[in-house]
Each structure stands twice: as C-alpha cells, then as structure tokens.
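Working notes, structure below.
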Amino acid sequence: MAGSPLPRTRYDWTRDELAELLDGQPRYRVDQVWQGLHDQGTEPEAWSNVPKAVRATVAEHLPRALAPAAESVSDDGETVKWLWDLVDGHQVETVLMHYPDRTTVCVSSQAGCAMACGFCATGQAGFDRHLTTGEIVEQVIVARRRSAEAGKRLSNIVFMGMGEPFANYDRTWEAVHRIHDDLGIGARHITLSTVGVVPGIRRLAEADLPVNLAVSLHLANDPERDELVPINRRYPLDVLAEACADYVDATHRRLSFEWALIDGVNDTDRHARELADYARPLRAHVNLIPLNPTPGYAVRGTPRARVDAFAAQLGDLGINATVRRTRGTDIDAACGQLRASHGEGGPTAVAAPTRR
C-alpha cells in the first residue's frame, strides 16, 4: 500500500460526512450513530436503537483503524499496553495507566518518529508516517472502554506515546477537538508533549483550547542537548524558552518540563543547577522520570538514591519537582519498546522514559 492514499477509518469521519453517508435518514438517526461511535464506542451491531440496514452501512464504510497485534498487562492490572497494526501494516502503541486519583491514556501521534532522540526506542527506529485523526481518536476510544470494564473513568489524555505531536500538528489538534468536544474530556485534562518544536508551541499558544504543554527537556545546556535531542540544533534553548514564555503568558497554564534521568548523563549537581536556572524564569514544574531499563542500551537510568537527591537539590533551588513512578517496566511500556520487541522495529536498542 506504499504511496497509495490511506483508506478512511471509523473516526476519520466528521458528523457532516456521516450525515452525507446516511442521506435520506432522519437527522436523529445520524445523532444516534454518532453517539454510538463516540458516547458508547461500541460496534454497530450493538446499537439496538438503530435499524439493521443503517448499522450495516456504517460497518461497511467505517472500518476500525486499529487491529490488535499484542497486549501486555502489568502492575496488577494497573498498566495495559497495546501494540496495534494499522491498515497499511505499520504499528503504533497505546498505554493505559490507572492511578488512585485518575486514569490516563498515553496515545501515539505518529508511526515512528523523526526526532532521533538518543535515548528513545521510537526515535531510533525511524519515522514511518503521521497518524490520521481517526487513528489517534480510536486509541482513546479503546482505552475508555477498557477503563469502563475495570469500573474506572478515563480522565486524562497525554500525547506522550510514539511520535512528535507538533510534527503532525493539524491532525493532532483535530483529534484534540474530537476528544474534547465529542468524548467530553476537558482541555485541562489533555497534555501535548514536544521535544521542542517551537512552531508547534507558538501555534498552541494561539489555539482555542487551553490544553497543557509538556516539553521533553532532558538537558539544559545547548552542547549536550544538541547530542541527546537533535532538534535542539534547530531550536536552541533560548529560542525554546522564548516560545515557552509566550505560551505561559497567552494561556496562563502551567508549563512542565520532562527530564528523563540517565545515569551519568544528566543527573549531576551541575545538571540540576542548569535545569533550575532554566525552569525558574518560566515558573515551570519538573517531572523527573527514571529511565526504563532495556537490554542493549549502553547507559542506565539513574539509581533511586540519586533520583531523590536530584529532586531534593531542585527543591533547594526553588523548583517544584515530582518524581514519576516508572510504570510497566516488565512489559516494555516505554514508547517504542513493545513494537521493537514484538513488531516491526527489530531488537530493542535503546530505552525511552515512561512519561506519565
């Protein structure tokens, strides 16, 4: 299917397009189908209030985008990771995480990633293609249904899976609107993560929904960040800081920095001081994430004692920092790992942080 247009899948359709497909049906019938897709997230055959002929039309023209390739469960059922086959054979991952106070799904925005960050399994595997709006939304639909089966409500959406959301901005933002408008997830419970694609940050500052921004920073000096996060060569730290400041001023939302702690790479006292100096003017919150261990990766995550010391040092420097719990280590839950071990990515060479 390389080079051919992708077939449109279930959640790529807009309400107006669905109305055209069901031309001749009463308007309330379109509403019933739309509710079946978005409110219930079920298959057409389950819609007992919709005529059989209409259900057959929807089933024929609105196929599913995601076919299960692998599923892993850990943390006593609190973490679920899916590997999906897309219609063209590429694969993406989705992670569902239950916490005492919330349930979060981490979704992918691309198959693969072109950012080539040195610690990330997805980035090292390379870029395949952008996901469609429907492929993004369907990940949320599946996660919401699984949450409901567990008696829990899906409350938070984070775009921290495979891919760089701002490299696929238009489709990602359309998916954000669908999640907000039709699935009822509030903007303040939706977070977009970027490694520092400044044009995307500037677009987000002017967007019509006040979603959260998380920047995967990892280093706060240009020479070292150039090596670990290559996009820094295009958008260096001073340019990134200016865009982040404009976002905070425009939205009045708290900015977050993600910092994957890598032993001996970015966890020294100097790195803590550099991070504090960078975060303080932006009033940014810092999420510290121990690196998920993966066979074949040359370095390892920072030991827990050093993680705690790093967090304490940031606190002494006036920075609000949270140490994130690493989830799903035993099921390759960091983005890109499950695909590498089960799917098209080949043997896992590097690890990615569990950015939740």
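The values are calculated or read from the model by the stated rules, or taken from the named source; none is laboratory data. Computed from a predicted model, the values in this text were never measured in an experiment. Note that we place each Cβ from the backbone using ideal geometry, even for glycine, and neighbour counts take in every protein chain shown. Accessible surface is based on the protein model in full, side chains and every heavy atom, while ligands, DNA and RNA are left aside. Shrake-Rupley method; radii C 1.70, N 1.55, O 1.52, S 1.80 Å.
Restricting attention to segment 249-266, which residues are out of contact with any Phe, Trp or Tyr (no Cβ under 9 Å at 6 or more places or on another chain), of a type outside the set (G, A, S) and either on the phi > 0 side of the Ramachandran plot or crowded, with 17+ Cβ neighbours inside 10 Å (or both)?
Within segment 249-266, T251, H252, E258 qualify.
Given the condition open to solvent by 30 Å² or more (accessible area, probe 1.4 Å), of a type in the set (A, V, I, L, M, F, W, C) and assigned to a helix (DSSP H, G or I), answer yes or no: does some residue in segment 202-212 qualify?
no
Within segment 24-57, track down each residue that is over 25 Å from S108 (Cβ atoms), among the polar types (S, T, N, Q) and surrounded by fewer than 13 Cβ atoms within 10 Å (Cβ to Cβ).
Within segment 24-57, S48, N49 meet the criteria.
Listed here are the residues, each with its yes/no results for (1) open to solvent by 20 Å² or more (accessible area, probe 1.4 Å); (2) in contact with a Cys (Cβ under 8 Å, 6 or more places away or on another chain); (3) more than 20 Å from V73 (Cα to Cα).
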| site | (1), (2), (3) |
| --- | --- |
| Y99 | yes, no, no |
| M115 | yes, no, yes |
| G118 | yes, no, yes |
| R129 | yes, no, yes |
| Q139 | no, no, no |
| I157 | no, no, no |
| P165 | no, no, yes |
| D170 | yes, no, yes |
| V176 | no, no, yes |
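Which residue is farthest from the chain's Cα centre (by Cα), if the candidates are limited to segment 50-91 and must be β-branched (V, I, T) and farther than 29 Å from D23 by Cα?
Result: V73.
Just checking, does segment 322-329 include any residue being in contact with a Leu (Cβ under 8 Å, 6 or more places away or on another chain) and farther than 28 Å from S72 by Cα?
no
If the Cβ limit is 8 Å and pairs must be 6+ apart or interchain, which residue in segment 70-98 that is at positive phi pairs with which residue that is crowded, with 18+ Cβ neighbours inside 10 Å and not aromatic (F, W, Y)?
Close Cβ pairs (under 8 Å, with a partner that is crowded, with 18+ Cβ neighbours inside 10 Å and not aromatic (F, W, Y)) amount to D75/R327; D75/G328; G77/H98.
Can you tell me which residue within segment 110-150, out of those that are part of a helix (DSSP H, G or I) and among the hydroxyl-bearing types (S, T, Y), is modelled with the lowest pLDDT?
T122
Between residues in segment 251-276 that are over 15 Å from A321 (Cα atoms) and residues that are open to solvent by 10 Å² or more (accessible area, probe 1.4 Å) and small (G, A, S), which pairs lie under 7 Å by C-beta distance while being six or more apart or on different chains?
So the pair list comes out as T251/A205; I262/G301; D263/G301.
Of L288, L219, L282, which residue is touching a strand residue (DSSP E or B) at 6+ places or on another chain (Cβ under 7 Å), surrounded by 21 or more Cβ atoms within 10 Å (Cβ to Cβ) and not basic (K, R)?
Answer to the selection: L288.
When you go through (1) in a helix (DSSP H, G or I); (2) under 19 Å from Y11 (Cα atoms); (3) in contact (Cβ under 8 Å) with a residue 40 or more places away in the chain one by one for L183, which number turns out not to apply?
(1)
I'm told V307 meets every condition in (1) touching a strand residue (DSSP E or B) at 6+ places or on another chain (Cβ under 6 Å); (2) farther than 15 Å from L317 by Cα; (3) open to solvent by 10 Å² or more (accessible area, probe 1.4 Å); (4) modelled with pLDDT of 95 or more except one. Can you identify the failing condition by its number?
(3) is the only condition that V307 fails.
Just for segment 58-84: of the residues that are open to solvent by 30 Å² or more (accessible area, probe 1.4 Å), assigned to a strand (DSSP E or B) and not hydrophobic (A, V, I, L, M, F, W, C), which one is nearest to Q35 (Cα to Cα)?
That would be P68.
Report, ordered by the first and then the second residue, all pairs with beta carbons closer than 6 Å, sequence separation of six or more or different chains, a first member in segment 206-231 that is among the small types (G, A, S), and a second member that is assigned to a loop (DSSP other than H, G, I, E, B).
Pairs found: S216/V195.
Tally time: how many residues in segment 95-109 are part of a strand (DSSP E or B) and within 22 Å of V215 (Cβ to Cβ)?
Selection size over segment 95-109: 5.
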